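Below is one structure, written out as structure tokens; comments come after it.
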Amino acid sequence: MNISPLQKERLQYVPKLPGMLRHGIAEICVVEGKETQSVADQEKIQALFPNTYGKKEITFAKGQNTSAAKKQVVGVILSGGQAPGGHNVVCGLYDALKATNAENELFGFKNGPSGLLDDDYLVFDDAYIDQFRNTGGFDIIGSGRTKLETEAQFAVAAEVCKKHGITAIVIIGGDDSNTNAAVLAEYFAAHETGVQVIGCPKTIDGDLKNEDIECSFGFDTATKTYSEVIGNIERDANSAKKYWHFVKVMGRSASHVALECALETQPNVCLISEEVAAKKQSLSEIADYIADSVNKRADKGMNFGVAIIPEGVVEFVPEFNKLIQEINELLAGKKAEEFNALPTWADKYAFIEKGLTKESMDVFAILPVTIQQQLFLERDPHGNVQVSLIESEKLFSGLVAAKLAERKAAGTYNGKFSPLHHFFGYEGRCAFPSNFDADYCYSLGYNAFMLIQYGYNGYLSKISNLSKPADEWVAGGMPITKMMNMERRHGEDKPVIKKALVELEGKPFKYFEAHRDEWAVETAYTYPGAIQYYGPAEVCDLTTRTLALEKGL
């Protein structure tokens, strides 16, 4: 296999473990904490999870291992989108499993949960696993988005586990994947299959976090990757001095990625979706906010800047949401065929104008034509607008251009506005994991096996105290049900892990809020540079600004 010099070196990197996991398997004991309850809807969650609800949080410590000695055959699944460090979760799991008993086996189910249902797997050995240590991506076994949620699926999963003598399944995924893990764990417990289920918290979006899960894996690497490129763009903007860069970053439901990148790079503008929703801001208000920065900088002779736009921000704008709902209704049933048969955009525009309320038409009318047409081009399988396909970075630059034209006509703006557009998404999902993510993920996998060895089911592998050096990290586990509440999904009440949105009263946002007015006018850019793997710990093991601020560092 041809590999780069960096990959060759990274394969040799030995991830750091929390202190209590360094003693050797035989010297790791369990310390039990208090019984838990779900974050909300306690009675409903308990009724749905009678066998796995209310269990105790646990931590691992130095002491005699009291777990029962038996051969373990473990299956591992990568679920959902890629996140840097996933390979190291598998490597940590494998190493702990083999360190306990050389006869233990690790099955990797291919291409996500469907691999379990299809009985499509490989059995790991040293030669295979060693190719993937400290590397990015999920190509070790592939991933998928099949949901494990029906009784029929659970029955198939149980049969596959029985066929191979599998004693535990580790599901590496985000909030939906770990919700599925909790439901599968409950099924296995209720049917006395003897199979345990352990989850690991993964998502670069950063929205799988709470008082117990300080950070989902992959967030550190992805935001450092995006911040490096945003810093490069800022340097170019400050050199050329003639472009405004609109940068869209991942984050459909939460703006953690955008906020972290803003804290790392100090752009002129960064929108936070949660603030947009809280203030019920309109598209026009947001455009005016950005245009104010453009205007003030132009007054100082600086016709350049950088604005960060979260991927899902338009869904947080109340009037835009109402517009989407009306469009979905407008094209329901055979009306879509009638609309698509119209020969010109002018004909389609008249159809739209006739079908929308005045309020929604006012919103639609201010959108750039390209965005208007995007709303009607591609529909999801249910016939609805695919909001994720909207190029929000181009939407806002177009709205800002219109605002500036009005100001120029009024004599209040005399600058030049030349926008450029970027979307950073896939660039960060499979990057070489930072030292933090390499260490964190390896620890999550190693720790997951300790939870299996001690017989826990329906638990999430938990590593905390992450703002400190790795030897001070705390390893343990928490019942997945502790993070759950009931939400309305597809017309039904469903138990789900509660998404963590940006807290507007939290320290990271408050720091951003206190500085953004200065950043909007001045050129206060910072340039994080590339992720560093070798050198001083204060550079190579640097945590995210979000985590540092949350912990008061």
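The values are calculated or read from the model by the stated rules, or taken from the named source; none is laboratory data. Not measured: the values here are computed from a predicted model. With ideal geometry, Cβ positions are generated from the backbone for all residues, glycine too; neighbour counts draw on all protein chains shown.
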Elements of type helices (runs of 4 or more DSSP H) contained in the range 345-406, each with 1 or more residues being in contact (Cβ under 8 Å) with a residue 40 or more places away in the chain and not basic (Lys, Arg): 358-366, 369-377
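I'd like to verify a number: residues in the range 11-58 that are under 28 Å from ASP126 (Cβ atoms) and part of a strand (DSSP E or B), how many?
Filtering the range 11-58 down to residues under 28 Å from ASP126 (Cβ atoms) leaves 11-28.
Pick out the ones that are also part of a strand (DSSP E or B) and you get 28.
Adding up the residues that qualify gives 1.
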Only one of ALA350, ALA346 that is exposed (fewer than 12 other Cβ atoms within 10 Å of the Cβ) and among the small types (Gly, Ala, Ser): ALA346
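Of all the residues that make up the range 531-553, how many are within 21 Å of LYS209 (Cβ to Cβ) and assigned to a loop (DSSP other than H, G, I, E, B)? Give the derivation first.
First, pick out the residues of the range 531-553 that are within 21 Å of LYS209 (Cβ to Cβ): 541-553.
Keeping just the survivors that are assigned to a loop (DSSP other than H, G, I, E, B) gives 541-544, 551-553.
Number of matching residues: 7.
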Filter result for TYR454 (among the aromatic types (Phe, Trp, Tyr), surrounded by fewer than 24 Cβ atoms within 10 Å (Cβ to Cβ) and modelled with pLDDT of 95 or more): yes
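How many residues are among the aromatic types (Phe, Trp, Tyr) and within 30 Å of HIS23 (Cβ to Cβ) if we restrict to the range 100-115? Explain how you work it out, then say what you get.
First, the residues of the range 100-115 that are among the aromatic types (Phe, Trp, Tyr): 107, 109.
If we keep only those that are within 30 Å of HIS23 (Cβ to Cβ) as well, we get 107.
Of the residues in that region, 1 qualify.
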Residues being surrounded by 14 or more Cβ atoms within 10 Å (Cβ to Cβ) and either small (Gly, Ala, Ser) or at pLDDT below 95 (or both) - total across the range 507-539: 2
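So, in the range 321-338, of the ones that are in a helix (DSSP H, G or I) and among the hydrophobic types (A, V, I, L, M, F, W, C), which residue ends up surrounded by the most Cβ atoms within 10 Å (Cβ to Cβ)?
Looking only at the range 321-338, we keep the residues that are in a helix (DSSP H, G or I), and these are 321-330, 335-338.
Checking which are among the hydrophobic types (A, V, I, L, M, F, W, C) leaves us with 323-324, 327, 330, 336.
Details: LEU323: 24, ILE324: 18, ILE327: 20, LEU330: 17, ALA336: 14.
The extreme case among them is LEU323.
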Lone unmet requirement of (1) surrounded by 15 or more Cβ atoms within 10 Å (Cβ to Cβ); (2) at pLDDT below 95 for ALA341: (1)
Selected residue (criterion: farthest from GLY552 (Cα to Cα)) from residues of the range 511-525 that are in contact (Cβ under 8 Å) with a residue 24 or more places away in the chain and part of a helix (DSSP H, G or I): VAL521
Unmet requirement for LYS462, which otherwise passes all of (1) of a type in the set (Lys, Arg); (2) in the same structural domain as CYS29 (by TED's automatic domain parsing); (3) part of a loop (DSSP other than H, G, I, E, B): (3)
Exclusive hit being closer than 30 Å to ALA298 by Cα and either part of a loop (DSSP other than H, G, I, E, B) or not basic (Lys, Arg) (or both), set PRO495, PRO528: PRO528
Members of the range 112-166 that are within 17 Å of VAL195 (Cα to Cα) and in contact (Cβ under 8 Å) with a residue 60 or more places away in the chain: PRO113, CYS161, HIS164, GLY165, ILE166
Single unsatisfied condition, ALA61 versus (1) out of contact with any strand residue (DSSP E or B) (no Cβ under 9 Å at 6 or more places or on another chain); (2) in a strand (DSSP E or B); (3) among the hydrophobic types (A, V, I, L, M, F, W, C): (1)
Per-region count, the range 250-285, residues in contact with a Phe, Trp or Tyr (Cβ under 9 Å, 6 or more places away or on another chain), under 24 Å from LEU404 (Cβ atoms) and either among the basic types (Lys, Arg) or not in a helix (DSSP H, G or I) (or both): 9
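State whether one or more residues within the range 296-312 are at pLDDT below 95 and assigned by TED's automatic domain parsing to the domain that holds LYS408.
Step one: list which residues in the range 296-312 are at pLDDT below 95, which gives 311-312.
Add one more test, that the residue is assigned by TED's automatic domain parsing to the domain that holds LYS408, and what stays is 311-312.
Checked against the condition, which is being at pLDDT below 95 and assigned by TED's automatic domain parsing to the domain that holds LYS408, the range 296-312 yields at least one hit.
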Residue identified as within 24 Å of ASP212 (Cβ to Cβ), free of Cβ contacts under 8 Å to residues at least 12 places away in the same chain and in the same structural domain as PHE154 (by TED's automatic domain parsing) among ALA47, ALA96: ALA47
Conditions (1) at pLDDT 95 or above; (2) touching a Phe, Trp or Tyr at 6+ places or on another chain (Cβ under 7 Å); (3) surrounded by fewer than 18 Cβ atoms within 10 Å (Cβ to Cβ); number of the one not met by LEU78: (3)
Qualifying residues in the range 99-133 (those that are over 19 Å from TYR13 (Cβ atoms) and in a helix (DSSP H, G or I)) - the one nearest to the chain's Cα centre (by Cα): PRO113
Any chance ALA409 is out of contact with any His (no Cβ under 8 Å at 6 or more places or on another chain) and under 24 Å from ILE213 (Cβ atoms): no
Within the range 472-492, considering residues that are part of a strand (DSSP E or B) and in contact with a Leu (Cβ under 7 Å, 6 or more places away or on another chain), the one farthest from GLN46 (Cα to Cα): ALA475
Long-range neighbours under 7 Å by Cβ, at least six apart or interchain, first residue touching a residue at least 40 places away in the same chain (Cβ under 8 Å) within the range 426-440, second of a type in the set (S, T, N, Q) and assigned to a loop (DSSP other than H, G, I, E, B): ARG429/GLN82; CYS430/GLN82; PHE432/THR135; PRO433/ASN134; PHE436/THR543; ALA438/ASN134
Number of positions in the range 407-431 that are closer than 18 Å to ASP288 by Cβ, touching a helix residue (DSSP H, G or I) at 6+ places or on another chain (Cβ under 8 Å) and assigned to a helix (DSSP H, G or I): 1
Residue, surrounded by the most Cβ atoms within 10 Å (Cβ to Cβ), within the range 386-445, restricted to residues that are among the charged types (D, E, K, R) and under 30 Å from GLY19 (Cβ atoms): ASP437
Selection count, the range 211-258, where residues are small (Gly, Ala, Ser) and closer than 20 Å to GLU275 by Cα: 5
Residue tally, condition over 22 Å from PHE449 (Cβ atoms) and surrounded by 14 or more Cβ atoms within 10 Å (Cβ to Cβ), over the range 1-35: 2
